[in-house]
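Each reported figure results from applying straightforward, stated rules to the coordinates on display, with no laboratory input. Predicted model, so just to flag it, every value in this text is computed and none were measured. Ideal geometry is used to build each Cβ from the backbone, glycine not excepted, and the neighbour counts take in all protein chains shown.
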Amino acid sequence: MESPLISVVIPVFNGERFLRVSLDSIFGQSYRPLEVIVIDDGSTDGTQQVVKQYPEKIRYRRQDNSGAPSARNRGIGLAKADFISFADADDLWHPAKLERQMARLEAEPTLDVVVVHAQNFWMPELAREYERVKDQRRSKAIPAYISAAMLVRRRVFESVGVFSASMRHADGTAWFLRARDKDVAVALLRDVLIFRRMHKLNTSRVKAGESLDEFFGLIKANLDHRNGSPDAQGNSE
């Protein structure tokens, strides 16, 4: 029996520097068949030229800069598969990532989402930072409840909804919180299957204050909602 198709959605903004190796790690997956969709979120660098090096392998769409959540949502709308995964343009995948996630979904039909552990790694330009944090939690593998770590059945978006386009940083966390409220079945693999690149242009680094504000605001809104705050309920998604 032929394996089910997986659509891999990659939002990218000015990702020329790392996109090629990220794509190579996706096309190097042991799992087949794949549909790779790159949503160029208004890049002004050579992102499109990198994509052109993969003729007939990538569905490429360009949009005005609207943020990664908007790009992911557009990719969901274009996806042909019943299973969808997301990748960040500067991360790397273990060759068996999709194979192991799909094996878990196929073994347990009641599961809706499978996530994995992620490991940060530092570029040489941040060697001093790595020395400061190498013995801290940040340098260890962690459970990755983020969009870039999930393999999800497409039908789940019908009940949970897509990503919040109004957010620039916490959209994945917000999605998983909504999924929990909808009793979506999520499994975590112990395997470290995503390697997240730390470099000078990470969005969470360039806009660190904005990122923290968004996460803290999301946590507060979620706590207010669970505590029955009328204002939180009236502004919930």
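What ³J(HN,Hα) values, in whole Hz, does the Karplus curve 6.51 cos²θ - 1.76 cosθ + 1.60 give for region 116-122 when θ = phi - 60°, with x put for Gly and Pro?
10, 8, 10, 10, 6, 9, 9
What spacing in nm lies between the two simple spin-label points modelled at Asp45 and Ser3, each 7 Å away from Cα in the Cβ direction?
3.1
Nothing charged except the Cβ atoms of Lys and Arg (+1) and of Asp and Glu (-1): what's the magnitude of the dipole of the chain about its Cα centre? Round to the nearest 20 debye.
Numbers: 35 positive and 32 negative charges, 81 e Å.
That gives a dipole near 380 debye.
Can you give the translational diffusion coefficient of region 6-228 in µm²/s, computed by Stokes-Einstein from the Kirkwood radius over Cα pairs at 37 °C and 0.692 mPa s?
On the way: Rh = 18.0 Å.
Taking Rh from Cα pairs, D becomes 182 µm²/s.
If you take every DSSP beta bridge whose two residues both sit in the chain, what share of them, in percent to the nearest 5, is antiparallel?
Working: 9 of 35 bridges.
Roughly 25 percent of the DSSP beta bridges within the chain come out antiparallel.
For every other residue with a beta carbon closer than 10 angstrom to the beta carbon of Tyr54, add +1 if it is Lys or Arg and -1 if Asp or Glu, then tell me the sum.
Values: positive: Arg20, Lys52, Lys57; negative: Asp24, Glu56.
Spelling it out: positives minus negatives among the neighbours equals +1.
For a quick check of your reading of the filter: which GluC sites (Glu not before Pro) in region 1-69 sit in a DSSP loop and have no more than 14 other Cβ atoms within 10 Å? Could you put the intermediate results ahead of the total?
Numbers: sites: Glu2, Glu16, Glu35, Glu56; in loops: Glu2, Glu56.
Sites meeting the loop and neighbour criteria: Glu2, Glu56.
Going by the alpha-carbon gyration tensor, a ≥ b ≥ c the square roots of its eigenvalues, is region 7-77 rounded (a/c under 1.5) or, if a/c is not under 1.5, prolate (a/b greater than b/c) versus oblate?
On the way: a/c = 1.93, a/b = 1.28, b/c = 1.51.
Judged from the Cα gyration tensor, region 7-77 comes out oblate (a/c at least 1.5, b/c at or above a/b).
Which residue, Gln53, Gln119, Gln63, has the most motion in a Gaussian network model of the chain that connects Cα atoms within less than 10 Å?
Gln53
Using alpha carbon centroids, what distance separates region 132-193 and region 9-67, in Å?
21
Among the listed pairs Lys57/Lys182; Lys134/Lys200; Lys80/Lys182; Lys57/Lys97; Lys134/Lys182, give every one whose C-alpha distance is greater than 26 Å. Spell out each step's value before the answer.
Values: Lys57/Lys182 35 Å; Lys134/Lys200 17 Å; Lys80/Lys182 24 Å; Lys57/Lys97 19 Å; Lys134/Lys182 37 Å.
Violating the 26 Å limit, Cα to Cα: Lys57/Lys182; Lys134/Lys182.
Going by average Cβ density within 10 Å per residue, which order do the peptides 188-195, 142-149 take, highest to lowest?
Values: 188-195: 17.0, 142-149: 20.2.
Answer by packing, highest mean first, reads 142-149, 188-195.
By how many nm would the segment from Asp181 to Ser30 grow when fully extended, if each residue of separation counts as 0.36 nm and the alpha-carbon distance is taken off? Write down the numbers at each step before the final one.
On the way: separation 151, 0.36 × 151 = 54.36 nm, distance 3.37 nm.
Full extension from Asp181 to Ser30 adds 51.0 nm.
Rounded to the nearest 500 deg cm²/dmol, what is the calculated helix-only ellipticity per residue at 222 nm for the chain, with -39500 (n - 2.57) per DSSP H run of length n ≥ 4?
Details: 10 runs with 91 residues, N = 237.
The helix-only estimate for the chain comes to -11000 deg cm²/dmol at 222 nm.
Of the peptides 158-166, 98-106, how do they stack up when ordered by the mean number of other Cβ atoms within 10 Å, highest first?
On the way: 158-166: 16.2, 98-106: 17.9.
Those peptides, ordered most packed to least, come out 98-106, 158-166.
With θ taken as phi - 60° and the coefficients 6.51, -1.76 and 1.60, list the Karplus ³J(HN,Hα) couplings across region 129-137 in order, rounded to whole Hz; mark glycine and proline as x.
Running phi through 6.51 cos²θ - 1.76 cosθ + 1.60 with θ = phi - 60° gives 4, 4, 4, 6, 10, 4, 9, 9, 4 Hz.
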